[in-house]
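Notes for the one structure printed next.
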Amino acid sequence: MESKSKEEIFYERKINYYETDKMGVVHHSNYIRFLEEARCYWMEKIGIPFLSLESKGVTIPVLGVNVEYKHHVTYGDTIVIKVVIKEYSGVRMTVSYDVRDKKTGEKVIEAETKHCFTNKELRPVSLKRYAPEFNSKIEEMMQIVE
């Protein structure tokens, strides 16, 4: 279900029947969940599991989502999601996603999510100061991809 090279992390996911709509295609709202699954998977693979982050009192709320739908997938299809940190300041992070049909390679969606790092009171924090061990892991991944 997973693949990791030195430079890229891919999240694979098989589409369930209940995620489809009356037309038999994945309902557009489900892609937001898929992006979150891929982001959580990516963070775990680089050594920042959400439970570790939360144990330090850090949360990562979503500030915005942008999705462009290119092609549909249906029940039984498998999608492959490539996660890349597009921008990172220590306080804010923009994540881009390339979602493709595993069988055809066709692009299903292009997406981007924007986040900030906050403490338990939902006040913005700099990950560079608040959790430098996590900051260095994100910066390291950004350098590998560049």
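The values are calculated or read from the model by the stated rules, or taken from the named source; none is laboratory data. Since the model is a prediction, treat every value here as computed from it, not as a measurement. Heads up, the Cβs are rebuilt from the backbone with ideal geometry, glycines too, and the neighbour counts pull from every protein chain shown.
Quick notes on this structure:
- Filtered residue count, the stretch 87-119, keeping only those that are in contact with a helix residue (DSSP H, G or I) (Cβ under 9 Å, 6 or more places away or on another chain) and of a type in the set (Lys, Arg): 0
- Of the residues in the stretch 32-52, at least one is of a type in the set (Val, Ile, Thr) and under 19 Å from residue 110 (Cβ atoms).
- Taken over the stretch 59-82, the criterion of being part of a strand (DSSP E or B) and either at pLDDT below 95 or among the hydroxyl-bearing types (Ser, Thr, Tyr) (or both) is satisfied by 59, 69, 74, 78.
- Residue that is surrounded by the most Cβ atoms within 10 Å (Cβ to Cβ) [pool: residues in the stretch 81-103 that are within 11 Å of the chain's Cα centre (by Cα) and among the polar types (S, T, N, Q)]: 94
- Cβ pairs under 6 Å, 6+ apart, first in the stretch 30-57 and more than 18 Å from residue 99 (Cβ to Cβ), second surrounded by 14 or more Cβ atoms within 10 Å (Cβ to Cβ) and among the aliphatic types (A, V, I, L, M): 46/141; 56/131
- Of the residues making up the stretch 107-126, those that are part of a loop (DSSP other than H, G, I, E, B) and over 19 Å from the mean Cα position of the chain (by Cα) are 119, 120, 121, 122, 123, 125, 126.
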